[in-house]
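All remarks here apply to the structure that follows.
The values are calculated or read from the model by the stated rules, or taken from the named source; none is laboratory data. Values in this document were obtained by computation on a predicted structure and should not be read as measured data. Cβ: placed from backbone, ideal geometry, glycine included. Neighbour counts: every protein chain shown. Keep in mind that these areas ignore ligands, DNA and RNA; they rest on the heavy atoms of the full protein, side chains included. Shrake-Rupley method; radii C 1.70, N 1.55, O 1.52, S 1.80 Å.
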Amino acid sequence: MKKKRLIIIIIIAAISVMGTCWITRPKALGNINHSYSEKTTTTSNVSFSGKTGERIKFSFRSNITSGDLNIVLYNSFGNKVYTLDQATELEAFFTLDNTDTYTLAAECHNFIGKYKIELYKAD
């Protein structure tokens, strides 16, 4: 009888922890994931709406064989508001200055390799 109670308590605790993690996880705003085996010059992008003061988390991984890859955040007027540092792996945060629709662009020039970037609302 005591074993049954203990098992039930453990199950309830596990469900509570999983539920809390599910509720508090960061909200995904989008991602870009590409792999190129031949020299490619292209731009891939994802857009999202953001409000003044919101923190955005960028999670980035790449394996660049050759060429250039720039990850740039633009506002709705086409102005650069943030450029990610070049790295093979990076997590960065940016606080939005204005309520706007933003576009994250992965700009490849003569690029061979692969990359993945994920965007989350950090708050």
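Angle, helix 2-24 long axis vs. longest principal axis of the chain, Cα atoms, 0 to 90°, nearest 10?
20
Taking only DSSP H segments of four or more residues, each worth -39500 (n - 2.57), what value at 222 nm results for the chain once the sum is divided by all its residues, to the nearest 500 deg cm²/dmol?
-6500 deg cm²/dmol
Using a 1.4 angstrom probe, figure out how much accessible area the chain has per residue, in square angstrom, rounded to the nearest whole.
In whole numbers, the chain has 67 Å² accessible per residue.
What percentages make up the Cα-Cα pair-distance distribution of the chain when the bins are 10 Å wide from 0?
Result, from short to long distances: 12, 36, 23, 13, 9, 6, 1 percent.
Just want the answer: with Cβ charges of +1 for Lys and Arg and -1 for Asp and Glu, which residue in Ile56, Ala106, Asn70 is farthest toward the dipole's positive end in the chain?
Looking along the dipole axis, the top candidate is Ile56.
Under 21 Å between alpha carbons, and skipping anything fewer than 8 positions from Lys57 in its own chain: which lysines qualify?
Lys27, Lys80, Lys114, Lys116, Lys121
With label points built 7 Å along Cα→Cβ from the Cα atoms of His34 and Ser47, find their separation and express it in nm.
Placing both labels 7 Å beyond Cα along the Cβ direction yields 1.8 nm.
Below 8 Å, C-alpha to C-alpha, sequence gap of six or more: please give me the relative contact order for the chain in percent.
Across the chain, relative contact order equals 41 percent.
Any idea what the alpha-carbon Rg over 2.2 N^0.38 Å comes to for segment 54-109?
After normalising by residue count via 2.2 N^0.38 Å, the value is 1.18.
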